[in-house]
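The values are calculated or read from the model by the stated rules, or taken from the named source; none is laboratory data. This structure is a prediction, so every number in the text was calculated from the model and none was measured. Reconstructed Cβ throughout: ideal geometry from the backbone, glycine too, with neighbour counts over all protein chains shown. Calculation scope for accessible area: heavy atoms of the full protein, side chains included, ligands and nucleic acids excluded. Shrake-Rupley method; radii C 1.70, N 1.55, O 1.52, S 1.80 Å.
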Amino acid sequence: MSRSRWALAVTALTFTFACGRGERSNAAADSAAAGPAAADSATAPSSGPARVEGFQGPESAKYDAELDVWYVSNINGTPVAKDGNGYISRLKGDGTVDSLKWIVSGVNGVKLDAPKGLALQGDTLWVADITRVRGFNRRTGVPVASIDVKGSKFLNDITVGVDGLYVTDTGIEGSPKGIEHTGPDRIYRIAHNRNVSIAIQSDSLAGPNGITWDGAQQRFIVVPFAGKVIQAWSPGAKTTVPLGPTKGQLDGVELLGENRLLVTSWADSSLFVFENGTATPVANGLPSPADIGIDTKRNRVAVPLLMENRVEFRALPAPGKGMP
């Protein structure tokens, strides 16, 4: 996907958020506040609802195995706006709503603008929020940290490595012309003492979006929104290693096992398994699929549909399986 076409796609996304979703989002939120969303019995996994409505720009879902809850970040505005409108929802382990607005900007000292990627480290829930990384107590929701990532433009996803937090910067920002990819494409490292540094800066990252740690091979897997090739990167290396092509516009990525990834793509509204250099679709019809989370207890994946204001749950694909 060319840089110009990618910029147009992001501009269209932002315009839709600003002008076209407010009425639908509010109605859905009122519905969800009244009670848990209904499941579609034809597609529902056995351990909970197939979909949950009522979010406002859900971007990332993270499962907490110890507490058996899900966290879902809500942009609630445009993805680049420092508007103080963001919030985080908490769902029960089976996916039903526990608290639609659990951590809310402007309440109890919370500041959230356009929260995106989520990561758990000890008792801290970390959130990528445009140019800051914010931390909250995962049990109480109380804010515990706010780290300014100087030089960043669009912090997108976050994960935990052996020596700190790693955050992708997709390199886009708002301008009088709309949303532009001005670069550079980066991954930042936040050390345990909260010092921030540029871990890698490379055009090969191609608008880096999702990131996850592959402990078995001591490397990160990074998926691009502006490119089509999934990349591997080892801490300290100055270059990335291409793993194979996809249809592009990639967002979420999770490790399913050795050399086996689960990835979302906006290009064809899909969820796919990537293994041995090949992408195999496991679900289609997922418009604007964002940053996924997996629950290995129930063998489910949560897929936030950012522009549809809902989260869908699907069964994790068995090894060697594609779409039925």
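Could you tell me whether segment 258-273 includes any residue that is of a type in the set (Asp, Glu) and either part of a loop (DSSP other than H, G, I, E, B) or closer than 14 Å to LYS62 by Cβ (or both)? Checked segment 258-273: at least one residue is of a type in the set (Asp, Glu) and either part of a loop (DSSP other than H, G, I, E, B) or closer than 14 Å to LYS62 by Cβ (or both). Restricting the first member to segment 123-134 and to residues that are more than 10 Å from ALA145 (Cβ to Cβ) and in a loop (DSSP other than H, G, I, E, B), and the second to residues that are open to solvent by less than 10 Å² (accessible area, probe 1.4 Å) and not acidic (Asp, Glu), the beta-carbon pairs closer than 7 Å and six or more apart or on different chains are THR131/VAL149; THR131/LEU155. Which of the following residues is of a type outside the set (D, E, K, R) and more than 26 Å from TRP266 (Cα to Cα): GLY207, GLY171, GLY227, GLY164? The conditions single out GLY164. Restricting the search to segment 235-253, which residues are assigned to a strand (DSSP E or B) and surrounded by fewer than 21 Cβ atoms within 10 Å (Cβ to Cβ)? Once the filter is applied, which keeps residues that are assigned to a strand (DSSP E or B) and surrounded by fewer than 21 Cβ atoms within 10 Å (Cβ to Cβ), segment 235-253 yields VAL241, PRO242, LEU243, GLY244, PRO245.
If only residues of segment 153-179 that are part of a strand (DSSP E or B), surrounded by fewer than 22 Cβ atoms within 10 Å (Cβ to Cβ) and free of Cβ contacts under 8 Å to residues at least 40 places away in the same chain are counted, the one that is farthest from the chain's Cα centre (by Cα) is SER175.
I'd like to check something: does segment 94-104 contain any residue that is touching a residue at least 40 places away in the same chain (Cβ under 8 Å), open to solvent by 10 Å² or more (accessible area, probe 1.4 Å) and in a loop (DSSP other than H, G, I, E, B)? Yes, that holds for at least one residue. Of the numbered criteria (1) under 27 Å from GLY135 (Cα atoms); (2) over 19 Å from the mean Cα position of the chain (by Cα); (3) at pLDDT 95 or above, the one GLY183 fails is (3). Filter segment 120-152 down to the residues that are in contact with a strand residue (DSSP E or B) (Cβ under 6 Å, 6 or more places away or on another chain) and small (Gly, Ala, Ser), then identify the one that is surrounded by the fewest Cβ atoms within 10 Å (Cβ to Cβ). The extreme case among them is SER146.
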